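*Asks:* Mind looking over this structure? Questions follow.
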Amino acid sequence: GLKLTAYACPAGVATVGWGNTSSVTMADVRAQKRITLEEAERLLADDLQTFERGVLRGCTVPPNQHQFDAFVSLAYNIGLGAFARSTALRRHNAGDFDAAAGAIEMWNKATVNGQRKVLRGLTRRRAAEKALYLS
């Protein structure tokens with residue numbers, strides 16, 4: 001969702017807008033930095049271009065639109081490096097789309113207070129990405 005005031009996500013990452021992490025710091029979180037809706041939209045548009053290119057670079061098997069959209073959402077959340085190393089991408093590129101969709105669900109954990117934990121929000125997000133990928 002959209003948050004116009006900088007915040008720390010459950011994993012402790014400084015975040016603002018529609019999930020942007022590159023333009024905000026923990027100092028911004030402490031200062032409760034605010035951005036406008038227009039700034040949030042611009043940050044999202046800029047981020048999406050980066051993540052769309054990264055997903056296309058990683059896919060040796062061209063994704064259909066739904067697979068692409070699910071992968072952009074996943075990569076936006078876990079980062080392009082993690083996406084490039086992911087089992088989901090490897091299975092997609094092997095042509096095993098059911099296994100790729102299943103592997104999306106593996107990304108439902110975050111480190112919170114030094115402990116790896118399953119997060120309900122990530123579990124919901126991964127289920128939605130899996131359903132989109134398979135649709």
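*Asks:* For the Cα atoms of the chain, what angle does the longest principal axis make with the long axis of helix 65-78, in degrees from 0 to 90, nearest 10?
*Replies:* Once rounded, one gets 40 degrees.
*Asks:* Compute the distance in nm between two label points, each set 7 Å from the Cα along the Cα-to-Cβ direction, one at HIS66 and one at ARG30.
*Replies:* Going from the HIS66 label point to the ARG30 one covers 4.7 nm.
*Asks:* Can you give me the % of accessible surface on segment 15-127 that is carbon or sulfur? Probe 1.4 Å, all protein chains present, nothing else counted.
*Replies:* Working: 3380 of 6510 Å².
Of the solvent-accessible surface of segment 15-127, carbon and sulfur hold 52 percent.
*Asks:* Starting from the Cα of LYS130, draw a straight line to each of the lysines and keep only those under 17 Å, dropping any in the same chain fewer than 8 residues away.
*Replies:* LYS109
*Asks:* For VAL112 and ARG90, what does the FRET efficiency come to when R0 = 22 Å and r is the distance between their Cβ atoms, rounded to the nearest 0.05?
*Replies:* Details: r = 27 Å, r/R0 = 1.23.
So, using R0 = 22 Å, E works out to roughly 0.20.
*Asks:* Follow-up question, since we're still on this one. Note down the relative contact order for segment 10-135 as a percent, whole number, built from C-alpha pairs under 8 angstrom at least six residues apart. Don't skip to the end; give the middle numbers.
*Replies:* Values: 136 pairs, mean separation 29.2, N = 126.
Reported relative contact order: 23 percent.
*Asks:* Here's a follow-up. Using all alpha carbons of segment 23-110, what is the percent of pairwise distances in each 10 Å bin, ordered from the shortest bin to the longest?
*Replies:* With a bin width of 10 Å, the distribution comes to 16, 42, 25, 14, 2.
*Asks:* Express in nm, to one decimal, how much length is gained between LYS3 and GLU38 on full extension, taking 0.36 nm for each residue of separation and deducting their alpha carbon distance. Please list the in-between numbers first.
*Replies:* Values: separation 35, 0.36 × 35 = 12.60 nm, distance 1.23 nm.
Taking LYS3 through GLU38 to full extension adds about 11.4 nm, to one decimal.
*Asks:* Ok, one more. What are the lysines whose alpha-carbon lies under 16 Å from the alpha-carbon of LYS33, with same-chain residues fewer than 8 places away excluded?
*Replies:* Qualifying lysines at Cα under 16 Å: LYS3.
*Asks:* What accessible area per residue, rounded to a whole number of Å², is obtained for segment 31-135 using a probe radius of 1.4 Å?
*Replies:* 58
The values are calculated or read from the model by the stated rules, or taken from the named source; none is laboratory data. Remember, it's a predicted structure, so these values are computed and weren't measured experimentally. All Cβ positions, even for glycine, are placed from backbone atoms using ideal geometry, and neighbour counts span all protein chains on display. What goes into the accessible areas is simple: the full protein's heavy atoms, side chains included, and nothing from ligands, DNA or RNA. Shrake-Rupley method; radii C 1.70, N 1.55, O 1.52, S 1.80 Å.
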